[in-house]
Amino acid sequence: MISGPTIRKDLSNNLRAAYARMWVRLRGSNRDPIALASEIGLPILTIGAYVILYHAIGLPASAGAAVIVGGAMIAFWTNVLWNMSSQWFWEREQGNLEMYMVAPVSRMSILLGMALGGSLNTAIRALGIVLLGIFVFQVPFQVRDPFSVGLVFFLTLAALYSLGMLFASLFMLYGREAWNTANLLQEPVYFLSGAYFPAIYAPIVPFGLQVAGSLIPMTIGLDAIRRLVINGASITSIWPEVLALIACILILFPLARHSLNYMESLGKKEGRLTLRWQ
Amino acid sequence: MFLGPGLKRDLSIETKGLRRLFKGIPGKGDVVALDQVDLEVYDDEIFGLLGPNGAGKTTLIKILSTLLLPTQGEARIKGLDVVKQAPQIRRMINLVSGGETPGYGILSVKENLWFFSQLYGLPRDFAKDRITKLVDQLELQDYLNTRMAKLSTGYKQRLNLARGFVNDPALLFLDEPTLGLDVISARHLRTLVKGWIKTGGKTVLLTTHYMAEADQMCDRVGIINHGKILACDTPQRLKTKVAGGATWKIEITPNLSQPESVKSVQGVLGLSQNDNIETGITTLKLVLEDESVMSDLLSKIRDNGCKVLNMGKSEPTLEDVYISLVGTGLEE
Ligand SMILES: Nc1ncnc2c1ncn2[C@@H]1O[C@H](COP(=O)(O)OP(=O)(O)O)[C@@H](O)[C@H]1O
Ligand SMILES: [Mg+2]
């Protein structure tokens, strides 16, 4: 029988599990100084190169600002791919997945913890990139509506990490393909989301590309944030993006949940929750 | 624990007609991993599943711990159905698989244990106390702040065991827990489990392919082969049942030229011979229906041209049981 106290206890157990998994992520990924340095340092090299290039060919300083914002946001995509999607595969290989399954918590809370930890971690790196832009390259930012910036940022992350959870559950029962798929999704999204262009919705970008890019929450969120922090736009001009992001979340999150449940029962049916028999 | 007649202990695990198939190599048909398994395990019991590799031990444990669905039949944990009531079951169980080391290499022993304790909703201080206790019991104190990745295999396995106890489960599944473990760690584990079961209201289901481990640790043992449970009882009763109370050890020299002739003596149930090359002495182990066959037997041995050096009744071992049921020995 399900009663009030049980539901409350279940919820609190799941939140504890999510918190613990977040903590693992924060602990683990900030312990290795080399990894940390490369995670912050390498994107900065790429971004710095674009900023200098745009400056050299005489584009306005706002082009550099767009790349800084793009670089900061694309870091979240890298995180979603490598630390959400393919992470689940690693967790199974390690035998952790079975331990999550015998425990009385939902796997969704584990994924949620991974997402929270990952996004917090990446936020620190993204902040590094933005500070670099402001202080080293002196790119101009112009924020009139900080609340909207926060809102769009939050919605973009929620949509991205929902997509990450969906990928994670899809990859759950697969082997090395998971890595290859993650690899496959990395560069095209860098390109399609227009992270390194000044703007994706510019006349020079082919229309087909704009449409393809718009299927990724990253592109929508990035465009809105750029307009908010570079052009000083306000919520009145970016509400379509806000709605699109909310729609993404409303579709992706339940989809991730369903796919996780489905994969779990498939795993239990076919005996594929460990790698031992593959 | 002594129980008066008519008193029945609570059932902790119950399976009825349990069957599990796996897809085999294409064209070869399905693999029958479990076949008509009927099992009853009670509270306060350490129950051992003894069988060779591929017998179906892990498959049974996975079904009981809600990680795998049965193909047919049913299984209950404390009266709860493993298929329909998995979430309730998960609150009461834990699982340790020997040779696996779940956790995060970059985290320390303490951090890993804390993480796993949080999957069971243990309050912070309570979890800390329990972890301290477990770390003491498993003698992991010196490694508390060592990263898991840097631990030796034995200590990783100890950590894995500590994880298994972290929610103080009512039912603990141990799948070959001493596999590949050094002698000291293995002894440690056995003592720990035996001590833990005494705290009351606990059940341990253990799988092993070590005879001595099953004999020494388990209140009851099920012998499993090809997915079937062939016999199930206390080690003592299994031994007496099979041996019929008459296992003998006879030392002879030289060895039997025609062992078949001895085996075929009416009333001889089983025979194994073991030659010691250095001393030239051969030890025969015999399982007899009863002792009335002894004179026939001894004359047959003399017919083989052998001299009897020494003879005596021997204690039957679990290995005798196993050989008589499965037909071959259980190779390590
Ligand atoms: N996930 C699986 N997929 C396919 N076959 C499996 C799977 N798990 C076990 N088997 C097969 O089922 C049989 C029983 O295996 P298992 O339960 O692991 O035995 P044990 O633990 O006693 O060594 C073996 O023949 C094994 O190959
Ligand atoms: Mg096994």
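The values are calculated or read from the model by the stated rules, or taken from the named source; none is laboratory data. It should be emphasised that the depicted structure is a prediction, and the values quoted were computed from it without experimental measurement. Cβ placement follows ideal geometry from the backbone for every residue including glycine, while neighbour counts extend to all protein chains displayed. Please note that ligands, DNA and RNA were not included when accessible areas were found on the heavy atoms of the full protein model with its side chains. Shrake-Rupley method; radii C 1.70, N 1.55, O 1.52, S 1.80 Å.
Taking region B:50-66, which residues are within 10 Å of chain A (Cβ to nearest Cβ) and either near ligand 2 (Cβ under 9 Å from one of its atoms) or free of Cβ contacts under 8 Å to residues at least 24 places away in the same chain (or both)?
B:Thr58, B:Thr59, B:Lys62
Of all residues in region B:170-179, which are of a type outside the set (S, T, N, Q), within 16 Å of ligand 2 (Cβ to nearest atom) and either open to solvent by less than 10 Å² (accessible area, probe 1.4 Å) or more than 15 Å from the chain's Cα centre (by Cα) (or both)?
If the condition is that a residue be of a type outside the set (S, T, N, Q), within 16 Å of ligand 2 (Cβ to nearest atom) and either open to solvent by less than 10 Å² (accessible area, probe 1.4 Å) or more than 15 Å from the chain's Cα centre (by Cα) (or both), then B:Phe173, B:Leu174, B:Pro177 are the ones that fit.
Going by what's in this entry, would B:Gly29 be described as touching a Cys at 6+ places or on another chain (Cβ under 6 Å) and either within 16 Å of ligand 1 (Cβ to nearest atom) or within 30 Å of B:Lys150 (Cα to Cα) (or both)?
In short, no.
Quick check: anything in region A:88-106 at pLDDT below 90, within 16 Å of the chain's Cα centre (by Cα) and part of a helix (DSSP H, G or I)?
Checked region A:88-106: at least one residue is at pLDDT below 90, within 16 Å of the chain's Cα centre (by Cα) and part of a helix (DSSP H, G or I).
Given the conditions (1) away from chain A (no Cβ under 14 Å); (2) not in a strand (DSSP E or B), and given that B:Gly24 satisfies all but one, which numbered condition is not satisfied?
The one condition B:Gly24 does not meet is (1).
Name the residues in region B:117-130 that are open to solvent by 10 Å² or more (accessible area, probe 1.4 Å) and either basic (Lys, Arg) or in contact (Cβ under 8 Å) with a residue 24 or more places away in the chain (or both), would you?
Hits for region B:117-130 are B:Tyr120, B:Leu122, B:Arg124, B:Lys128, B:Arg130.
Just checking, how many residues over region B:141-177 are more than 16 Å from ligand 1 (Cβ to nearest atom) and either in a strand (DSSP E or B) or more than 19 Å from A:Glu98 (Cα to Cα) (or both)?
16
Going residue by residue through region A:40-62, is there one that turns out to be within 11 Å of chain B (Cβ to nearest Cβ) and out of contact with any helix residue (DSSP H, G or I) (no Cβ under 9 Å at 6 or more places or on another chain)?
no
Is there any pair with a first residue in region A:257-272 that is open to solvent by 80 Å² or more (accessible area, probe 1.4 Å) and a second that is hydrophobic (A, V, I, L, M, F, W, C) and within 15 Å of ligand 1 (Cβ to nearest atom) whose Cβ atoms are under 7 Å apart and which are 6 or more apart or on different chains, and what are they?
Matching pairs, first to second residue: A:Lys269/B:Leu69.
For region B:246-301, what are the residues that are among the acidic types (Asp, Glu) and more than 27 Å from B:Val326 (Cα to Cα)?
B:Glu278, B:Asp296
Listed residues B:Asp38, B:Asp10, B:Asp43, B:Asp30; which is in contact with a strand residue (DSSP E or B) (Cβ under 7 Å, 6 or more places away or on another chain), open to solvent by less than 60 Å² (accessible area, probe 1.4 Å) and either on the phi > 0 side of the Ramachandran plot or among the acidic types (Asp, Glu) (or both)?
B:Asp43
Look through region A:216-256, keep the residues that are more than 18 Å from the chain's Cα centre (by Cα) and not in a helix (DSSP H, G or I), and return whichever of them is surrounded by the fewest Cβ atoms within 10 Å (Cβ to Cβ).
Filtering region A:216-256 for residues that are more than 18 Å from the chain's Cα centre (by Cα) and not in a helix (DSSP H, G or I), the one surrounded by the fewest Cβ atoms within 10 Å (Cβ to Cβ) comes out as A:Gly232.
Which one of the conditions (1) away from ligand 2 (no atom under 13 Å from the Cβ); (2) within 20 Å of the chain's Cα centre (by Cα) does B:Thr71 fail to meet, given that it meets all the rest?
(2)
Hey, any hits in region B:214-225 for a residue that's hydrophobic (A, V, I, L, M, F, W, C), within 14 Å of chain A (Cβ to nearest Cβ) and away from ligand 1 (no atom under 16 Å from the Cβ)?
Taking every residue of region B:214-225 in turn, none turns out to be hydrophobic (A, V, I, L, M, F, W, C), within 14 Å of chain A (Cβ to nearest Cβ) and away from ligand 1 (no atom under 16 Å from the Cβ).
Any residue in region B:103-123 that is more than 8 Å from chain A (Cβ to nearest Cβ) and over 22 Å from B:Tyr143 (Cβ atoms)?
For region B:103-123, residues more than 8 Å from chain A (Cβ to nearest Cβ) and over 22 Å from B:Tyr143 (Cβ atoms): present.
If you go through region A:100-116 one residue at a time, do you hit one that is crowded, with 23+ Cβ neighbours inside 10 Å and more than 14 Å from chain B (Cβ to nearest Cβ)?
Among the residues of region A:100-116, at least one is crowded, with 23+ Cβ neighbours inside 10 Å and more than 14 Å from chain B (Cβ to nearest Cβ), which makes the answer yes.
Across region B:87-101, what is the number of residues that are within 9 Å of chain A (Cβ to nearest Cβ) and either open to solvent by less than 10 Å² (accessible area, probe 1.4 Å) or of a type in the set (Gly, Ala, Ser) (or both)?
5
Give the residue, chosen from A:Thr78, A:Thr6, that is open to solvent by 30 Å² or more (accessible area, probe 1.4 Å), β-branched (Val, Ile, Thr) and away from every other protein chain (no Cβ under 14 Å).
A:Thr78
Anything in region B:48-79 that is farther than 17 Å from A:Gly271 by Cβ and either open to solvent by 40 Å² or more (accessible area, probe 1.4 Å) or within 15 Å of ligand 1 (Cβ to nearest atom) (or both)? List them, or say none.
B:Gly48, B:Leu49, B:Leu50, B:Gly51, B:Pro52, B:Glu74, B:Arg76, B:Lys78, B:Gly79 - these are the residues of region B:48-79 that are farther than 17 Å from A:Gly271 by Cβ and either open to solvent by 40 Å² or more (accessible area, probe 1.4 Å) or within 15 Å of ligand 1 (Cβ to nearest atom) (or both).
Output the residues belonging to region A:9-28 that are within 10 Å of another protein chain (Cβ to nearest Cβ) and under 20 Å from the mean Cα position of the chain (by Cα).
Answer for region A:9-28, where residues must be within 10 Å of another protein chain (Cβ to nearest Cβ) and under 20 Å from the mean Cα position of the chain (by Cα): A:Ala18, A:Tyr19, A:Ala20, A:Arg21, A:Trp23, A:Val24, A:Arg25, A:Arg27, A:Gly28.
For region B:300-313, what are the residues that are in contact with a helix residue (DSSP H, G or I) (Cβ under 9 Å, 6 or more places away or on another chain) and in a loop (DSSP other than H, G, I, E, B)?
B:Asn304
Here are B:Leu192, B:Leu205, B:Leu181: which of them is at negative phi, among the aliphatic types (A, V, I, L, M) and assigned to a loop (DSSP other than H, G, I, E, B)?
Going through B:Leu192, B:Leu205, B:Leu181 in turn, just one is at negative phi, among the aliphatic types (A, V, I, L, M) and assigned to a loop (DSSP other than H, G, I, E, B): B:Leu181.
Taking the condition within 13 Å of another protein chain (Cβ to nearest Cβ), open to solvent by 60 Å² or more (accessible area, probe 1.4 Å), outside any helix (DSSP H, G or I) and closer than 30 Å to B:Gly99 by Cα, does A:Arg31 pass?
yes
Search region B:26-46 for residues that are hydroxyl-bearing (Ser, Thr, Tyr) and pair each with any residue that is away from ligand 2 (no atom under 16 Å from the Cβ) when their beta-carbon atoms are under 8 Å apart and the residues are at least 6 apart or on different chains.
Pairs that qualify, where the first residue is hydroxyl-bearing (Ser, Thr, Tyr) and the partner is away from ligand 2 (no atom under 16 Å from the Cβ), are B:Tyr42/B:Arg9; B:Tyr42/B:Asp10; B:Tyr42/B:Leu11; B:Tyr42/B:Ser12; B:Tyr42/B:Thr203.
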